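These notes concern the structure reproduced below.
The values are calculated or read from the model by the stated rules, or taken from the named source; none is laboratory data. These figures come from a predicted structure and were not determined experimentally. Please note: Cβ atoms are built from the backbone with ideal geometry, for glycine as well, and neighbour counts cover all protein chains shown.
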């Protein structure tokens, strides 16, 4: 396949300038304009499914079933944001009438509106070639907010990226919108991403990717003469706490479900469970045996690319070599596709070893055995930040469950009481982003309709003339 | 007067640990607990007015009329946040019912709540010894959100700070709350502020002060092992665009009003107008003459302290020495209190000279003469970021006013169409914070009830048990 070529500084500048030129009009476009664009993008994705999915499969190894499902999700998401726009979400207003008299009670009329921040640089991820790539949630939410987007294509799926970019640009033209509403740059060189973030015409950055890359780009955004918001979704180890109540009731089924979640997509999910906290008792030991058996039997598909595979093997080797960690499942002879790994350690070792808190991206998990509630809470606190924490068996209204929920809430953006963290529903209530390092901006979400809020800056209009208030949708 | 002593690292640690110990229970406290605390703080401030205002006057030179008004505003603000708490603002929930079926349409139940972020470090400002100091808006909004506060007192008003801290701690105890709900550190050394921001127990920082200090502390917050949000309200030059329509109708009155705003509080307002954009025509020239006369006659009170005075003189000297700038008003012989300054330059010089975009904190303004709408827009674009932009005479529904409003919206957090930017109403619609450098977090506000949002992190509960949903106020 043809790799992406690195966009030149001139090409980056040209893409951002086109976005800047389109920003004012698109930022004031009507709801119908934006929702029609989003729906047309969804329709076009579905219409080109037969050519896009094979391209994606060839470049990602994720398989047609998953990729068709992911394309469905991406189209669903684009239409979901269209619904949000039609319902007026980007145009919310708070209107405080004037109050006669001296301050502090007396006040002028103040009308709080939200304005699109301007051109958004969107960094596509490798592991979801549709849902977190060119037309994924970041692009959908930015367009819904009225912001032009300049996508930095992921070099892991170059042909799919080019095909999706071409599709998007065709739809933008068909909708009668300026080309600058949707632009793209490409390339694997660090300079491409840095150049995009540093461009003075970029107003915000949305990023899904590695902790290392995200932290570096967040610093670039902060070090600009005019710093801009950097919405980065980075690494996460997604602890699952399997309490005795759940294991006694349902241990074997949970072990099978968990093995499926760990190996889903070859573990290449930001919500893949990386740490399993179990009591060191008979039920816990049986559960770990069942989990180990299921993982040993699993046959994940190949990883996205050689770099990710090398990173996975390096992470697994780090755990294998750790003096306080025991290997429970490891392949005899790794071949084309990686095999699942399972490791175990105790709470004290986990808490003391910062290296064990790093994400291993791929089908691997670390069992942490605990003896007490206090140890469980301490393990969660050691994790510091995670997209999700899952609590199995915390249904009872009991003090120990209250303490566990508090600990989970401290470190996570989403707390689950059933099921597995892989799979992130696109809804108004969703929160995909927890404390650092899982997000650089844990007050915002990159999945779900609140993702809009990242691109709408609040603005107060004081004593605004009637024409301006009317243009904002107020009488 | 006794200067503040520098809190030791042990004292800082002790204050933050006490806040951490109080955070879980206070974060789950009922609305009635928080609103009672906020109202009791307001009551105590008013009850001790007779001792607090003279202390503040001795340390700030702001005069009893202003300081009584500022105390009123501070009490109003505390009660306003109490009303917000009683109305449930910190406890908002989005509840998405489960939808049966396969994803993407099928989904689990997701309940979006907001949880207090934890202990907040609050840096008091010098220029509002009540409203932006120990019990100012940052403290009020953090307490309303359920976050303990550790105030870094401003060394400019040490006795008032100590008296207000003592008052707050007394009220906290009377309300039966742990002392850690409200703590304080003090000192002028950089190490005190840096040590507070670096403490791992601090979860967010609220800051009002200089661009230099704020940018440095924002970097400290970003460079922590676990970065935290830094809500900094920094420098702003608050352009006023005086259009011919306004000057023809009302020039002399506007000149008098503007002179009052420039010299209010000796110019020590973050919203003080620093740049006045006028057409280079007869009406504009007459307006500038009237403004110059009013400023020459003004007798501001002394500045807050010698350091601020020195900074003002240095800023005025920079303008005086600039080859493209003409001095219109300058005192013959500066004495104890500074006299107002007025300078003028043309659009091209302003746009080309970055040094002219820096705030001069004090009673000084720079008139920028323009010949065209295009030049006016270019002057606003050169400013980049400001708390406010004021447009006088933009009432007509005309293309040139649309263009001006767009330019103002691009760079400001608040756009005014009448009056002056000094004076910031505390309402739901208020937005105090525009693009950098006026704020490090322009998606948030430090004044008005949306200030609460800075301290409430969103969290999605997936398939939450009934006891947890009930505790969050849902059936």
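Remarks
Conditions tested, residue by residue: (1) in contact with a strand residue (DSSP E or B) (Cβ under 7 Å, 6 or more places away or on another chain); (2) within 29 Å of residue B:158 (Cα to Cα).
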{"site": "B:271", "(1), (2)": "yes, yes"}
{"site": "B:275", "(1), (2)": "yes, no"}
{"site": "B:285", "(1), (2)": "no, no"}
{"site": "B:307", "(1), (2)": "no, yes"}
{"site": "B:310", "(1), (2)": "no, yes"}
{"site": "B:329", "(1), (2)": "yes, no"}
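- Selection count where residues are within 20 Å of residue B:441 (Cα to Cα), at the interface with chain A (Cβ under 7 Å from one of its Cβ atoms) and over 18 Å from the mean Cα position of the chain (by Cα), scope segment B:399-431: 1
- Unique match (being closer than 23 Å to residue B:230 by Cα, more than 22 Å from the chain's Cα centre (by Cα) and at the interface with another protein chain (Cβ under 8 Å from one of its Cβ atoms)) among B:459, B:468: B:459
- Matching residues in segment B:427-469 - criterion: being closer than 24 Å to residue A:395 by Cβ, surrounded by fewer than 24 Cβ atoms within 10 Å (Cβ to Cβ) and either out of contact with any strand residue (DSSP E or B) (no Cβ under 9 Å at 6 or more places or on another chain) or modelled with pLDDT of 95 or more (or both): B:459, B:463, B:465, B:466, B:467
- Test: residue in segment B:200-209 that is free of Cβ contacts under 8 Å to residues at least 60 places away in the same chain, under 27 Å from residue B:433 (Cα atoms) and crowded, with 23+ Cβ neighbours inside 10 Å: no
- Residue within segment B:49-60 that is in contact (Cβ under 8 Å) with a residue 40 or more places away in the chain, at positive phi and buried (at least 16 other Cβ atoms within 10 Å of the Cβ) present: no
- Scanning segment A:374-398 for residues that are within 23 Å of the chain's Cα centre (by Cα) and either within 8 Å of another protein chain (Cβ to nearest Cβ) or at pLDDT below 95 (or both) turns up A:384, A:385.
- Breaking point among (1) within 30 Å of residue B:220 (Cβ to Cβ); (2) at the interface with chain A (Cβ under 7 Å from one of its Cβ atoms); (3) touching a residue at least 40 places away in the same chain (Cβ under 8 Å), for residue B:434: (2)
- When residues of segment A:317-340 are limited to those that are crowded, with 16+ Cβ neighbours inside 10 Å and closer than 19 Å to residue A:61 by Cβ, the one modelled with the highest pLDDT: A:340
- Number of positions in segment A:122-161 that are out of contact with any helix residue (DSSP H, G or I) (no Cβ under 6 Å at 6 or more places or on another chain), under 19 Å from residue A:7 (Cα atoms) and touching a residue at least 60 places away in the same chain (Cβ under 8 Å): 8
- Between A:267, A:214, the distinction of being assigned by TED's automatic domain parsing to the domain that holds residue A:138, under 16 Å from the mean Cα position of the chain (by Cα), touching a residue at least 12 places away in the same chain (Cβ under 8 Å) and crowded, with 18+ Cβ neighbours inside 10 Å belongs to A:214 only.
- All of A:324, A:315, A:336 fail the test of being in contact (Cβ under 8 Å) with a residue 40 or more places away in the chain and not assigned by TED's automatic domain parsing to the domain that holds residue A:188, apart from A:315.
- Answer from B:82, B:97, B:89 - the residue that is surrounded by 22 or more Cβ atoms within 10 Å (Cβ to Cβ) and in contact (Cβ under 8 Å) with a residue 12 or more places away in the chain: B:82
- Qualifying position, being touching a helix residue (DSSP H, G or I) at 6+ places or on another chain (Cβ under 6 Å), modelled with pLDDT of 95 or more and over 17 Å from residue A:289 (Cβ atoms), among A:343, A:350: A:350
Yes/no matrix, rows are residues, columns are (1) over 30 Å from residue A:116 (Cα atoms); (2) touching a helix residue (DSSP H, G or I) at 6+ places or on another chain (Cβ under 7 Å):
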position	(1), (2)
B:307	yes, no
B:339	yes, no
B:380	no, yes
B:386	no, yes
B:399	no, no
B:402	no, no
B:406	no, yes
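- In segment A:32-40, the count of residues that are at pLDDT 95 or above, in contact with a strand residue (DSSP E or B) (Cβ under 7 Å, 6 or more places away or on another chain) and more than 30 Å from residue A:264 (Cβ to Cβ) is zero.
- Filtering segment B:87-107 to residues that are touching a strand residue (DSSP E or B) at 6+ places or on another chain (Cβ under 7 Å), assigned to a loop (DSSP other than H, G, I, E, B) and facing chain A (nearest Cβ under 10 Å) leaves B:93, B:98, B:105, B:106.
- Residues that are surrounded by fewer than 19 Cβ atoms within 10 Å (Cβ to Cβ), touching a helix residue (DSSP H, G or I) at 6+ places or on another chain (Cβ under 7 Å) and outside any helix (DSSP H, G or I) within segment B:162-186 comprise B:175, B:178, listed in sequence order.
- Unmet requirement for residue B:352, which otherwise passes all of (1) within 14 Å of chain A (Cβ to nearest Cβ); (2) surrounded by fewer than 23 Cβ atoms within 10 Å (Cβ to Cβ): (1)
- From the options A:135, A:143, A:78, A:110, residue that is closer than 29 Å to residue A:213 by Cβ and either modelled with pLDDT under 95 or within 12 Å of chain B (Cβ to nearest Cβ) (or both): A:78
- Only one entry in B:165, B:194 is in contact with a strand residue (DSSP E or B) (Cβ under 7 Å, 6 or more places away or on another chain), free of Cβ contacts under 8 Å to residues at least 60 places away in the same chain and more than 14 Å from every other protein chain (Cβ to nearest Cβ), namely B:165.
- Near pairs, Cβ below 6 angstrom, 6+ apart or cross-chain, from segment A:345-360 (at negative phi and assigned by TED's automatic domain parsing to the domain that holds residue A:317) to any residue that is surrounded by fewer than 20 Cβ atoms within 10 Å (Cβ to Cβ) and not in a helix (DSSP H, G or I): A:345/A:324; A:349/A:324
- Any hit, segment A:123-131, residues being out of contact with any strand residue (DSSP E or B) (no Cβ under 6 Å at 6 or more places or on another chain), crowded, with 21+ Cβ neighbours inside 10 Å and assigned to a helix (DSSP H, G or I): no
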